[in-house]
Each structure stands twice: as C-alpha cells, then as structure tokens.
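Engineer: Provided herewith is a single structure, encoded as structure tokens, for subsequent inquiry.
The values are calculated or read from the model by the stated rules, or taken from the named source; none is laboratory data. What you see is a predicted model, and the numbers here were worked out from it, not measured in a lab. Note: ideal-geometry Cβ built from the backbone for every residue, glycine included; neighbour counts use all protein chains shown.
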Amino acid sequence: EMTTPSDGNMDRHHYETFEKFGNDTFLLHLDNGRGFGTHSHDEMSILAPLQQCCRIKKSTYLRLRLLATEPYRLSDVVREALASDRLAPVLTEPHLRALDRRLGKVLAAVGECLAKASWEQDVVVDDVAQLQEQEKRTPA
C-alpha cells in the first residue's frame, strides 16, 4: 500500500511511504526535476518573503555575494559539481546562466532593502559571530 501526502507542491515534489512491511516502512522521495524551472522565466514572487521582511542572515548574504564573483560564480560552481554525474550534463547552459541571473535578482532585492533601512544590521542579521563561537566549542 502507498500513501501520498497532500502537498501544495505536488507537481514537483512529493513522497510515497510503502507500508507493505508493517512498521518497517520506508520513504521514497520523488522529484520530477523541474526545480530549476524554465530558464527564460524568473518567478519573481518567490522573492516576496525577502522583499517583505527585508531580513537575511549575514552568513547567507556573504555566501551569495561570493557566488556572484568571478572565481566562485554560481554557474561555474554548479557546472563543476555536476560534471562528474553519470547523467551529465544535468543542467543546460541556459539553465546555468539563469542561476547567475537569478542570484543577481536576489542580491538586488537585498540591496533595495539595505537602501531603505536606517542600519545595515536591520537587514543583515549577524549570525557569523554566533557560528564562530560554536566552532570554538566544538572539539576538533
């Protein structure tokens, strides 16, 4: 017997649980691979939470800015990471270029938030000091 949860994202993600073996059920995650969408269309509504709240963790913001620079460009990092996949090429070049374009739009949204804010820390929440403190406490 299979049970499928109701989910608003069923067109792209869902999972099945197989209960044939009693309590020894297992989960099977299914993804139809549309996570990168149409390379020529950027769904701007996905930025609504960022635009409305205007808050982002400093660690996330720094990483995104890094992925927008030439030696670490997001498309290059993803292309390299997927190059050895047995299904390569997993993403087409237009999809890889779309990653960089969309990242630019995310950073532009943060920039708009920063321009409206009185203080940078009202937008960029400093979690870096907390992460560094956790690293000090973690045994090597």
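Engineer: So how many residues does region 56-79 have that are in contact (Cβ under 8 Å) with a residue 60 or more places away in the chain and surrounded by 14 or more Cβ atoms within 10 Å (Cβ to Cβ)?
Structural biologist: Summing the residues that are in contact (Cβ under 8 Å) with a residue 60 or more places away in the chain and surrounded by 14 or more Cβ atoms within 10 Å (Cβ to Cβ) in region 56-79 gives 5.
Engineer: Please work out which residue is nearest to His41 (Cα to Cα), limiting yourself to region 108-122 and to residues that are within 19 Å of the chain's Cα centre (by Cα) and surrounded by 15 or more Cβ atoms within 10 Å (Cβ to Cβ).
Structural biologist: Taking the candidates together, the pick is Ala109.
Engineer: Go through (1) part of a helix (DSSP H, G or I); (2) touching a residue at least 24 places away in the same chain (Cβ under 8 Å); (3) of a type outside the set (Asp, Glu) and name the single condition Leu91 misses.
Structural biologist: Unmet for Leu91, out of (1) part of a helix (DSSP H, G or I); (2) touching a residue at least 24 places away in the same chain (Cβ under 8 Å); (3) of a type outside the set (Asp, Glu): (1).
Engineer: Please indicate, with yes or no, whether at least one residue in region 49-69 is over 30 Å from Asp126 (Cβ atoms) and either out of contact with any Phe, Trp or Tyr (no Cβ under 7 Å at 6 or more places or on another chain) or modelled with pLDDT of 60 or more (or both).
Structural biologist: No: zero hits.
Engineer: State all residues of region 121-130 that are in contact with a helix residue (DSSP H, G or I) (Cβ under 6 Å, 6 or more places away or on another chain) and assigned to a helix (DSSP H, G or I); if no residue qualifies, say none.
Structural biologist: Val128
Engineer: What number of residues within region 113-129 satisfy the criterion of being free of Cβ contacts under 8 Å to residues at least 60 places away in the same chain and of a type in the set (A, V, I, L, M, F, W, C)?
Structural biologist: Adding up the residues that qualify gives 4.
Engineer: Right, another one. Residues being loosely packed, with under 11 Cβ neighbours inside 10 Å and either within 21 Å of Asp42 (Cβ to Cβ) or more than 18 Å from the chain's Cα centre (by Cα) (or both): count how many of those fall in region 80-93.
Structural biologist: Of the residues in region 80-93, 6 are loosely packed, with under 11 Cβ neighbours inside 10 Å and either within 21 Å of Asp42 (Cβ to Cβ) or more than 18 Å from the chain's Cα centre (by Cα) (or both).
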